[in-house]
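The values are calculated or read from the model by the stated rules, or taken from the named source; none is laboratory data. What you see is a predicted model; the values in this text were computed from it and never measured. Cβ: placed from backbone, ideal geometry, glycine included. Neighbour counts: every protein chain shown. Remember, those area values only see protein heavy atoms, side chains included, never the ligands or the DNA or RNA. Shrake-Rupley method; radii C 1.70, N 1.55, O 1.52, S 1.80 Å.
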Amino acid sequence: MTESPLAIYALFHLGPIAVTEPVAVTWGLMLLLVGGSILLTRRLALHPTARQAALELLVTTIEGQIRDTMRVAPARYLPLIGTLLLFIFFANWSALVPGVEPPTAHIETDAALALIVFAAMVYHGVRARGLRGYLATFAEPTYVMVPLNLVETITRTFSMIVRLFGNVMSGVFVIGIVLSLVGLLVPVPLMALDLLTGAVQAYIFTVLAMVFIGGAAGDDAEGKDNKDRTP
Amino acid sequence: MRFDWSTLALQTVNVLVLLWLLRRFLFRPVRAIIAARQASAETLLADAAATRAQAEAQAADIARQQERMAAEGQRIIAEARREAEAERATILAQAQHEVAASRDAALAALAREREAMRLGLEGEARHLSVIIASRLLGRLSAKAIESALLESLLRRLDALSDDEREALTVPGAELQVVTAEPLDPASRTTWTQTLERVLHGQHNLHFAVDPSLIGGVELRGTHARVRNSWQADLERVAQELEKDDERLAVA
Amino acid sequence: MNLIEIASILGAALAVSFGAIGPGLGEGRAVAAAMDAIARQPEAAGTLTRTLFVGLAMIETMAIYCLVIALLLLFANPFLH
């Protein structure tokens, strides 16, 4: 019988707080991402080097995705969406490092991410429509739909959690089972599939976040900017 | 399954901190540099557009100026040409006028001179002929002259045709004999007899004197006259001369 | 092994197996439709592929739900304490 994939163990304790493995891995990822960002953005110039050009390509691609999906100017949403994408992507791919389990394979991390998306959804909805306006969206198309809309808001957040958690965790779990059975070369295709799944799930999570936030914010006039579209 | 709430809290905080850090260290600088590049590119484009517009304006200015200068040149050339034309026309007209005037003057002078010369020559010739005649006549005696004159007259009368003779001798008409000098009575009778013989019949003869005949005699009838005088000869000569002159002038 | 454990194992197996049927059929239809669309309009292949991946992941989520239920039954059964 293999070890439960749902179990979580504290590595050490900082005072009263138990620091679990996902938290430690997340810290490592944060260090990597922020350090890499500082390194890459240290010498930005008008005439870009190859690394700067790649970085700019990444940022403009995320902006383009936001623009295409949300139909608004991307500037306001870029940090959140970009951070979600980068963090989930690197978290999923952290399985490449031996002995490291992706933090997204534990439901607490996914819940934290979905919670942030939920908060952003409410925040942008209220900011764009006002409190009354945002609450009024739950009564669309009729007041009969209010309970259903409320349930939908909760369940879609919950489905985001379970989707990401299930995909990543199942990948880790399947690889663990295969590894315990064969151990050499056989898990490699499954690992590659796991990487693909991790990348796709990162993309899907951010797209869903964009769709939900964009739907909550609606076509707010100040954010709408078609002129900003790059050809 | 145990849901670890402390891990959830920690992860939420972690992601939020990561969000802030990435926003601070990644997205903001990259966005700033992209915006800066866009701004600089736009500035560059605007500069280029402005420069180009300026250059185009300058080119248009230059073209306009050239056009103006060309038009001015054309105008000046046309004006000069027109002036030259007018001047030429005036000069030509003046020259023509002058030439015509001088030619007219020359022609007139020539004609005048020729006339004068002709008159002078005529007069001289007449004078000379008179002198010659008078000299010749002076050498002859009066009788001889008269007889010679008579003879010549008779010869002329002989030479006359019948019609002419009849025209001259209309019966009963007066027949006048004009001489340059008066004839004495003896001569007159001789003349009368001779003429009556020649003209067959009695004629009412008169004798008259006309010095302009110079020498010779004329027989003047009512309808005809027989001229046998120096004057007539001279007139004939003069007419011949005039004819020659005309021929020369025509030639 | 008591009855609850047997029922849990059976339930997990049923959840995974039946939970794979529906998403399998759905994914097959989605891929077939996407192929058809790309054959008709090759220039829209990029957009279609992106949408297809998102859709497939959404459909696969159903199977993942079943897997999660099975795992819960196997490793985090609330009735086994």
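Values for this structure:
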{"quantity": "Residue match in the range B:140-155 (condition: at pLDDT 70 or above, over 17 Å from B:Asp233 (Cα atoms), surrounded by fewer than 17 Cβ atoms within 10 Å (Cβ to Cβ) and of a type in the set (S, T, N, Q))", "calculated": "yes"}
{"quantity": "Residue in the range A:66-79 that is in a helix (DSSP H, G or I), within 14 Å of B:Ile34 (Cα to Cα), more than 9 Å from every other protein chain (Cβ to nearest Cβ) and open to solvent by less than 40 Å² (accessible area, probe 1.4 Å) present", "calculated": "yes"}
{"quantity": "Selection within the range B:15-49 - of a type in the set (Phe, Trp, Tyr), modelled with pLDDT under 90 and open to solvent by 40 Å² or more (accessible area, probe 1.4 Å)", "calculated": "B:Phe25"}
{"quantity": "Among (1) within 18 Å of the chain's Cα centre (by Cα); (2) surrounded by 12 or more Cβ atoms within 10 Å (Cβ to Cβ) - the single one C:Ile9 does not satisfy", "calculated": "(1)"}
{"quantity": "Filter result for C:Leu25 (outside any helix (DSSP H, G or I), open to solvent by 50 Å² or more (accessible area, probe 1.4 Å) and farther than 21 Å from A:Val168 by Cα)", "calculated": "no"}
{"quantity": "Filter result for the condition that a residue is among the small types (Gly, Ala, Ser) and either modelled with pLDDT of 90 or more or within 60 Å of the chain's Cα centre (by Cα) (or both), over B:Ala70, B:Ala9", "calculated": "B:Ala70"}
{"quantity": "Hits in the range B:1-14 (condition: open to solvent by 60 Å² or more (accessible area, probe 1.4 Å) and within 14 Å of chain C (Cβ to nearest Cβ))", "calculated": "B:Met1, B:Arg2, B:Phe3"}
{"quantity": "Hits in the range A:116-132 (condition: surrounded by fewer than 18 Cβ atoms within 10 Å (Cβ to Cβ) and either of a type in the set (Lys, Arg) or without any contact (Cβ under 8 Å) to a residue 60 or more places away in the chain (or both))", "calculated": "A:Ala119, A:Tyr123, A:Val126, A:Arg127, A:Arg129, A:Gly130, A:Leu131, A:Arg132"}
{"quantity": "Which listed residue, of A:Tyr143, A:Tyr203, is away from chain C (no Cβ under 14 Å) and among the aromatic types (Phe, Trp, Tyr)", "calculated": "A:Tyr143"}
{"quantity": "Given (1) more than 30 Å from A:Asp68 (Cβ to Cβ); (2) away from every other protein chain (no Cβ under 14 Å); (3) surrounded by 16 or more Cβ atoms within 10 Å (Cβ to Cβ), number of the condition C:Ile38 does not satisfy", "calculated": "(1)"}
{"quantity": "Scan of the range A:156-192 for residues that are among the hydrophobic types (A, V, I, L, M, F, W, C), touching a Phe, Trp or Tyr at 6+ places or on another chain (Cβ under 8 Å) and free of Cβ contacts under 8 Å to residues at least 60 places away in the same chain, ordered by number", "calculated": "A:Met160, A:Val162"}
{"quantity": "Condition met for B:Ala101 (under 17 Å from the mean Cα position of the chain (by Cα) and among the hydrophobic types (A, V, I, L, M, F, W, C))", "calculated": "yes"}
{"quantity": "Filter result for B:Ala70 (within 30 Å of B:Ser229 (Cα to Cα) and either in contact with an Asp or Glu (Cβ under 6 Å, 6 or more places away or on another chain) or of a type outside the set (D, E, K, R) (or both))", "calculated": "no"}
{"quantity": "Top-ranked residue in the range A:80-108 [being small (Gly, Ala, Ser) and in a helix (DSSP H, G or I); ranked as surrounded by the most Cβ atoms within 10 Å (Cβ to Cβ)]", "calculated": "A:Ala105"}
{"quantity": "Single match in B:Arg28, B:Arg23, B:Arg37 (criterion: within 7 Å of another protein chain (Cβ to nearest Cβ) and within 30 Å of A:Val117 (Cβ to Cβ))", "calculated": "B:Arg23"}
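Every residue, every condition in (1) over 21 Å from the mean Cα position of the chain (by Cα); (2) modelled with pLDDT of 55 or more, yes or no:
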{"position": "A:Pro189", "(1), (2)": "yes, yes"}
{"position": "A:Gly198", "(1), (2)": "no, yes"}
{"position": "A:Gly215", "(1), (2)": "no, yes"}
{"position": "A:Pro231", "(1), (2)": "yes, no"}
